[in-house]
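Read the structure below first, then the notes.
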Amino acid sequence: MSKKLLLQHIDVPGINTYEVYRKQGGYKAVEKALKEMTADQILEEVKTSGLRGRGGAGFPTGMKWSFLAKPEGVARYLVCNADESEPGTFKDRYLMEKIPHLLIEGMIASSFALGANTAYIYIRGEYFYVHRILENAIKEAYANGWLGKNILGTGYDLDLYMQIGAGAYICGEETALLESLEGKRGNPRIKPPFPAVAGLWGRPTVVNNVETIAAVVPIINEGGANYANIGVGKSTGTKLISASGHINKPGVYEIELGLPVEEFIYSDQYCGGIRNGKELKAVVAGGSSVPILPKELILKTAAGEPRLMSYESLGDGGFQTGTMLGSGGFIVMDEDTSIVKNLYTFSRFYHHESCGQCSPCREGTGWMEKILKKIISGNGTLSDVDLLWDIQSKIEGKTICPLGEAAAWPVAAAIRHFRKEFEEYVTNPQNIVDVKHYYRVNNLAAV
Amino acid sequence: MPKVTIDDIEIEVPDGTTILQAARMIGGEVVPPAMCYHSKLKTSGGYCRTCIVKVEKGSEKDPRPMPKPVPSCRTTVMDGMVVRNKTAPDIVEARAGIVEFLLINHPLDCPVCDQAGECDLQDLAYEHGKSHSRYDFQRRTFEKIDIGEHIKLHMTRCILCYRCVKTAEQITDGRVHGVIYRGDAAEISTYIQNVIDNDFSGNVIDVCPVGALTDRTFRFKSRVWFTKPVDAHRDCPKCSGQVRLWEKGGEVLRVTARKDKYGEVESFICNECRYDKKNASDWVIEGPSKVDRHSVIGANHYENSVLSATDDRQQTGLPHGKKVELGEGALNPNNIY
Ligand SMILES: Cc1cc2nc3c(=O)[nH]c(=O)nc-3n(C[C@H](O)[C@H](O)[C@H](O)COP(=O)(O)O)c2cc1C
Ligand code: SF4
Ligand code: FES
């Protein structure tokens with residue numbers, strides 16, 4: 001059984017309530033942090049732990065924290081990114097729903113380390129039932145003296161607020177999130193300045209993912225070095241994986257980084273293999289934006305090494321033959337899946353979610369969606385495939401925020417690894433049995 | 001003072017200068033085109049991405065190249081930075097891509113557009129675009145709306161540069177228009193058919209790089225290339241009073257702010273100067289304006305013969321070696337992409 005740091009007590013009845021959480025050793029990290037440690041010591045532990053951002057980019061958390069500007073007399077903020085909207089990713093929801101106090105505990109300890117007296121959790125609007133759970137947990141924490149003035153008599157004050165988003169994927173991008181939190185239209189900001197210098201209301205701000213902040217709790221309890229002992233290389237600790245698609249056991253799993261992908265897919269402890277005895281065809285390993293990989297490349301790297309669930313191993317081979325761990329949204333596709341149709345669904349999403357500020361993303365995402373729709377309706381041509389390739393290459397790297405890349409990468413990877421399937425679609429559309437009805441393409445809302 | 005090299009030309013610039021500003025100090029072909037940046041507006045730029053350049057060397061201290069193209073209008077020069085614009089084939093290609101993106105949903109209705117002849121998008125497409133579009137889907141359209149008695153909003157032509165929003169934000173009290181909706185459904189709007197009504201509202205027309213915001217009092221009066229721009233001023237209690245009059249047959253058809261060679265407003269003017277002073281006698285005439293358009297005919301050359309077209313192009317710093325079609329077409333902006 002591999003080690004669990006976040007979901008250890010997930011099955012304890014009532015773990016979502018303060019009493020049970022506390023009985024299981026909850027809020028010990030806050031006690032330790034506030035009473036026995038200095039802010040710098042916590043920062044050191046986080047650095048030692050090797051923890052990397054769990055929101056997608058995998059940026060070392062200790063380093064991010066050390067970049068936070070600390071001008072005299074200016075408030076600083078910690079903002080938790082709970083906007084979780086990347087298709088295929090649902091681990092933050094699980095954590096907040098089942099064990100909300102873990103996030104709150106992490107928020108308190110992290111805010112203390114950063115010297116923030118106000119912290120926010122920006123939560124995805126559609127998670128409406130989680131809002132109540134979280135709100136309730138925050139109330140319990142206030143009632144028991146973990147939030148508010150003079151916490152544990154240490155003189156440290158912290159106010160924690162939950163802000164509900166209005167349902168835009170782009171508000172997960174950290175600067176769009178800050179705009180939205182300020183009550184404005186959720187447009188990503190043009191960087192620099194970065195949030196560490198000028199974030200919320202122009203003040204120094206750290207934005208971290210739910211899981212990142214939750215991981216600070218075991219790091220404080222067990223020490224950074226012990227955390228770093230789990231995992232492989234620069235992929236330390238455990239990671240929540242949202243497993244979905246054509247597997248026997250979809251769900252959220254906490255894995256030790258470094259677990260072989262093959263074991264993750266086929267072991268009964270995790271996904272339990274492909275459902276209905278089908279063959280694996282492809283995997284999108286880190287949320288819909290990361291490159292899709294065919295079976296051969298997701299199980300083994302191009303060099304023939306077993307592929308591991310780690311930042312480095314999944315990234316091995318670059319985008320030619322590799323992908324990214326991303327947010328850990330692990331989408332498994334069996335042999336019957338149409339890569340082209342799946343891509344259409346992804347492209348529709350990114351088109352719909354583009355904020356529209358910069359021209360390559362605003363115009364390019366819609367164009368790609370239209371071409372894909374044309375192809376899956378059986379009206380595509382070979383040149384459409386090349387055009388798609390060209391459009392994605394003209395979006396990638398030329399946009400304000402990474403949503404442009406998130407839209408371009410899936411298109412590039414699908415064509416890179418499954419070009420034959422696209423060609424089949426355009427040359428023999430009549431052979432694609434379900435072209436006409438599967439998505440009821442003609443009934444889809446006008447593009 | 002940091003030194004920066006752009007397309008192999010070195011220049012020393014004051015601290016805080018952006019790559020675009022540095023390129024403009026050098027001038028000529030190293031200057032990237034800019035559609036959304038506007039020197040008189042704070043926080044403008046960064047949206048259209050036409051001004052992207054490649055940073056081959058970040059600085060003397062940190063010589064690593066920047067991983068992606070950067071918007072030159074929003075990127076500050078560092079000492080020792082090496083930048084490529086025209087001399088980087090991938091930038092030229094990427095820019096052609098941006099131009100294509102800007103045009104796929106543009107109506108290309110130049111023949112009936114008041115902005116034709118002084119349109120930044122027309123110039124951009126002509127200089128940096130390709131000769132045909134690969135887009136064969138329906139283009140997005142919007143209803144035209146009148147926002148007050150002076151301004152026409154033709155959203156279908158808008159490229160969402162945010163300039164008018166920033167103008168209203170920065171030079172008028174209380175902006176009543178902005179961007180609503182998202183992605184390619186985003187539009188400039190007053191939301192609930194509001195009227196833009198304040199002394200400086202007319203400036204949004206001047207900052208619009210395309211024909212999305214046009215002067216209703218000038219609408220369809222004349223093609224701009226048949227009017228003659230002259231610089232003039234008056235003692236105005238509200239604004240600088242330094243304007244450009246657009247005359248035809250001795251009649252003032254339109255009053256606008258003066259624009260520099262990058263099409264950016266020199267100083268904003270009030271509505272009284274713009275709409276209520278349309279007699280030449282209201283003004284002290286300074287003389288013909290120097291209009292430095294890139295692709296479209298320069299000031300006072302409107303009646304020039306076809307043969308001088310190439311000369312004009314050289315004078316206005318057009319890319320050399322680009323094929324010039326002689327004949328009416330080359331001079332008629334309606335025929336430009
Ligand atoms: C379009 C877009 C959407 C994003 N959505 C999320 C999200 O829902 N949750 C999240 O934690 N990070 C999201 N991110 C990443 C954040 O910008 C940011 O990198 C992250 O919250 C940093 O936290 P971390 O360092 O703890 O990972 C998104 C990024 C982009 C570009
Ligand atoms: S890349 Fe897309 S989502 Fe990001 S700023 Fe540009 S238009 Fe908005
Ligand atoms: S002018 Fe620089 S991005 Fe538009």
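Quick look at the numbers
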| item | result |
| --- | --- |
| Those residues of the stretch B:1-43 whose amide nitrogen sits under 12 Å from the label point placed on residue B:87, 7 Å along Cα→Cβ | B:5-11, B:30 |
| Approximate spin-label separation residue B:143-residue A:32, in nm, with each point projected 7 Å along Cα-to-Cβ | 6.4 |
| For residue A:281, distant residues with modelled amide H under 5 Å away | A:333, A:334, A:335 |
| The protein assembly as shown, Cα convex hull volume normalised per residue, Å³ | 182 |
| Cα centre as origin, Lys/Arg/Asp/Glu Cβ charges: the stretch B:1-42 dipole, Debye | 340 |
| Accessible-area ranking of B:15, B:215, largest first, probe 1.4 Å | B:15, B:215 |
| Residue (of A:53, A:10, A:408) at the positive-pole extreme of the protein assembly as shown, dipole from beta-carbon charges | A:10 |
| Charged-residue dipole, Cβ positions (Lys, Arg, Asp, Glu), the stretch A:1-148 about Cα centre, Debye nearest 20 | 240 |
| HN-Hα J in Hz across the stretch A:419-424 - Karplus 6.51, -1.76, 1.60, θ = phi - 60°, x for Gly and Pro | 4, 3, 5, 5, 5, 4 |
| Proximal charge balance of residue B:167 [Cβ under 11 Å; K/R count +1, D/E count -1] | +3 |
| Angle in degrees between helix A:100-114 and the longest Cα principal axis of chain A, rounded to the nearest 10 | 70 |
| Sequence-distant residues sharing a close amide H with residue B:254 (under 5 Å, placed H) | B:246 |
| GluC sites (Glu not before Pro) restricted to DSSP loop in the stretch B:37-119 with at most 14 other C-beta within 10 Å | B:60 |
| Additional length obtainable on full extension of the chain from residue A:423 to residue A:129, 0.36 nm per residue less Cα span | 101.4 nm |
| 14 Å cut-off, amide nitrogen to a point 7 angstrom out along residue A:2 Cα→Cβ, residues in the stretch A:295-319 | A:307-314 |
| Taking chain B and dividing mean pair separation by its residue count, relative contact order in percent (alpha carbons under 8 Å, at least six apart) | 14 |
| Amide hydrogen neighbours beyond the local backbone of residue B:18, cut-off 5 Å, H modeled | B:77 |
| Positive-pole candidate from B:38, B:268, B:239, dipole of chain B, charges at beta carbon | B:38 |
| Largest-first principal axis extents of the Cα set of the stretch B:1-131 (Å) | 52, 30, 23 |
| Relative contact order [Cα under 8 Å, 6+ residues apart], chain A, whole percent | 15 |
| The stretch B:138-201, Cα convex hull volume normalised per residue, Å³ | 86 |
| 26 Å Cα-Cα threshold exceeded, pairs from B:42/B:68; A:91/A:394; A:398/B:57; A:398/B:152; A:191/A:239 | A:91/A:394; A:398/B:152; A:191/A:239 |
| Cα-based Kirkwood hydrodynamic radius, chain B, one decimal, Å | 21.0 |
| The stretch B:9-59 and the stretch B:85-118: distance between their alpha carbon centers, rounded to Å | 18 |
| Spacing of the two label points (7 Å from each Cα toward its C-beta) at residue B:238 and residue A:12, in nm | 7.0 |
| Per-q log10 I(q)/I(0), chain A, q = 0.11 Å⁻¹ (Debye; single scatterer per alpha-carbon; no solvent) | -0.86 |
| Summed side-chain charge close to residue A:14 - residues other than residue A:14 whose Cβ falls under 14 Å, Lys, Arg +1, Asp, Glu -1 | -1 |
| Whole-Å semi-axes of the stretch B:103-215's equivalent ellipsoid (Cα gyration tensor) | 25, 15, 12 |
| Carbon/sulfur fraction of accessible area - the stretch B:103-215, other protein chains in place, 1.4 Å, % | 48 |
| Linear extension gain, residue A:381 paired with residue A:136, 0.36 nm per residue minus alpha-carbon span | 82.7 nm |
| Point-to-point label distance, residue A:225-residue B:280, nm (Cα→Cβ direction, 7 Å offset) | 9.0 |
| Whole-Hz ³J(HN,Hα) from phi, Karplus 6.51 cos²θ - 1.76 cosθ + 1.60, for the stretch B:111-123, glycine and proline x | x, 10, 9, 4, 7, 3, x, 9, 9, 5, 6, 4, 4 |
| Normalised convex hull volume, the stretch A:228-296, alpha-carbon set, Å³ per residue | 94 |
| Within straight-line cross-link reach of residue B:61, aspartates and glutamates at Cα separation under 14 Å, skipping those fewer than 8 residues along the same chain | B:79 |
| Buried area at the B-A interface (accessible, heavy atoms, 1.4 Å probe, summed, Å²) | 2800 |
| Lys, Arg +1 and Asp, Glu -1 on Cβ, resulting dipole of the protein assembly as shown about Cα centre, debye, nearest 20 | 480 |
| In degrees, nearest ten, helix A:339-353 long axis to first principal axis of chain A (Cα) | 50 |
| Backbone HN-Hα couplings from phi across the stretch B:44-49 [Karplus 6.51/-1.76/1.60, Hz, Gly and Pro as x] | 7, x, x, 8, 6, 6 |
| Extension gain, residue A:249 back to residue A:275 (0.36 nm per residue minus Cα-Cα distance, nm) | 8.5 nm |
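The values are calculated or read from the model by the stated rules, or taken from the named source; none is laboratory data. Note that the coordinates shown come from a computational prediction; the quantities given were computed from them, not determined experimentally. Positions of Cβ are generated from backbone atoms using ideal geometry, with glycine treated the same way; all protein chains shown enter the neighbour counts. Heavy atoms of the whole protein, side chains included, go into the accessibility calculation; ligands, DNA and RNA do not. Shrake-Rupley method; radii C 1.70, N 1.55, O 1.52, S 1.80 Å.
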